[in-house]
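So the structure is just underneath, and the comments pick up after that.
The values are calculated or read from the model by the stated rules, or taken from the named source; none is laboratory data. Everything numeric here is computed off the predicted structure, so don't read it as measured data. Cβ atoms come from the backbone with ideal geometry, glycine included; neighbour counts cover every protein chain shown.
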Amino acid sequence: MSKVETKSKLKLSFEILKLRTKHPFGISYGSSSDSINVLVRLQYGDIEGLGECSPASYHMESPSTVMAVLDDLSKKDILGDDPFAIQEICKRMDKAIAGNYSAKAGIELALQDICGKIVDKPLYQLLGLSGMPAPITDFTIGIDSLEMLERKTKEAIDDGFKVLKVKQGTSYDRQIIETVRKFAPDIPLRVDANGAWSPKQAVEMSKFLAEHNVQFIEQPIPKYAHLDEWRFVRENCPLPIFADESCCRATDVARLANVVDGVVVKLAKTGGLSEALRLIHCARAHNLKVMIGCMIESSIGISAAAHIAPLVDYLDLDGAMLLAEDPFDGAVYKDGYMALTDRPGLGVIPRK
Ligand SMILES: [Mg+2]
């Protein structure tokens, strides 16, 4: 890897990254086979850093808002000429444009990638995480017909997945669990309702889920549920409760700390790795469990998250495995774990 001798300007370019899932991917907000992300390229001398933006409509972002934000940030010339000034650049981005964290995540990931390439080390080494074990990742079974759920569960077991996560938020949630359990009776199972239940429904469902040996429930009630509703669910639910959509940044942790058992960290919500680390440490300080999750994304976003995986209890990094074709090669699934390569930075290269 060539080193940059004199300071160059960081040059930003970006393009639509069209992804297609193997099967239509259904969650309580809707179902689709297409996921449109945005690929970020940051050029520094002859080094290119890659980043990925994975916008979600339920976080008020879309590919077009991401493109508009990136366009605006590139015109404002706030990237400067020092890729190691990551904190300062993040600060400048937040000052220039509020929110829009998936767009900002793309830039931060590309900066981390460049820094790793300059010093010729993988990101996890730079973060001091060498040699630390990471948890097993789960594989998600999206909402589908019972017939398809049967097929998807069998496929997941045949593919060797060791933990499954099941999406909920339908009129036949109990049958979904029964179908999955029929073909995967002993596998550790977790459930994600993506905010689809009322507090009362969540409590009722949690009792059923506990009988089916489910580990925990992610986002049982809506993103903007009142803290009293979270408290009601937690006090009456036999299973641990995790906040995903309701917990985006480190500042959300203190508010939720006494009404949930854990939080889900995603780079698309935090705006990149720096805030993800703050969120993890903040959650730890409040004695909360932590899971790293993902969107439907390529190996760029998934690999970036895999670098900090040793810091959490649970892993849900299956976004690239759900794809029919992953345009990038990075962290690979190996016997339950996301194995990172020794390549520098994020360790991601385009697939030929
Ligand atoms: Mg979730």
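A few notes on this one:
- Taken residue by residue, the stretch 167-186 has no member that is closer than 16 Å to Ile241 by Cβ, basic (Lys, Arg) and within 16 Å of the ligand (Cβ to nearest atom).
- Residues located in the stretch 257-277, provided they are buried (at least 20 other Cβ atoms within 10 Å of the Cβ) and either away from the ligand (no atom under 12 Å from the Cβ) or without any contact (Cβ under 8 Å) to a residue 12 or more places away in the chain (or both): Val259, Val260, Leu267, Thr270, Gly271, Gly272, Leu273, Glu275, Ala276
- From the list Ile114, Ile89, Ile107, the one residue that fits, being assigned by TED's automatic domain parsing to the domain that holds Met60, within 14 Å of Ser13 (Cα to Cα) and part of a helix (DSSP H, G or I), is Ile107.
- Residue in the stretch 248-256 that is away from the ligand (no atom under 15 Å from the Cβ) and surrounded by 22 or more Cβ atoms within 10 Å (Cβ to Cβ) present: yes
- Scan of the stretch 125-134 for residues that are surrounded by fewer than 21 Cβ atoms within 10 Å (Cβ to Cβ) and either touching a strand residue (DSSP E or B) at 6+ places or on another chain (Cβ under 7 Å) or not in a loop (DSSP other than H, G, I, E, B) (or both), ordered by number: Gln125, Leu126
- Residues that are more than 16 Å from the ligand (Cβ to nearest atom) and at positive phi do not occur anywhere in the stretch 308-322.
- Contacts under 6 angstrom Cβ, first residue in the stretch 150-176 being on the phi > 0 side of the Ramachandran plot, partner modelled with pLDDT under 95 and surrounded by 15 or more Cβ atoms within 10 Å (Cβ to Cβ), 6 or more apart: Gly169/Ser28
- Complete set of residues in the stretch 139-192 that are surrounded by fewer than 22 Cβ atoms within 10 Å (Cβ to Cβ), among the small types (Gly, Ala, Ser) and closer than 23 Å to Gly293 by Cα: Gly142, Gly160, Gly169, Ala184
- Just one residue in the set Ile280, Ile241 is under 21 Å from the mean Cα position of the chain (by Cα) and away from the ligand (no atom under 15 Å from the Cβ); that residue is Ile280.
- Residue that is surrounded by fewer than 18 Cβ atoms within 10 Å (Cβ to Cβ), outside any helix (DSSP H, G or I) and without any contact (Cβ under 8 Å) to a residue 40 or more places away in the chain, where the choices are Asp77, Asp81, Asp72: Asp77
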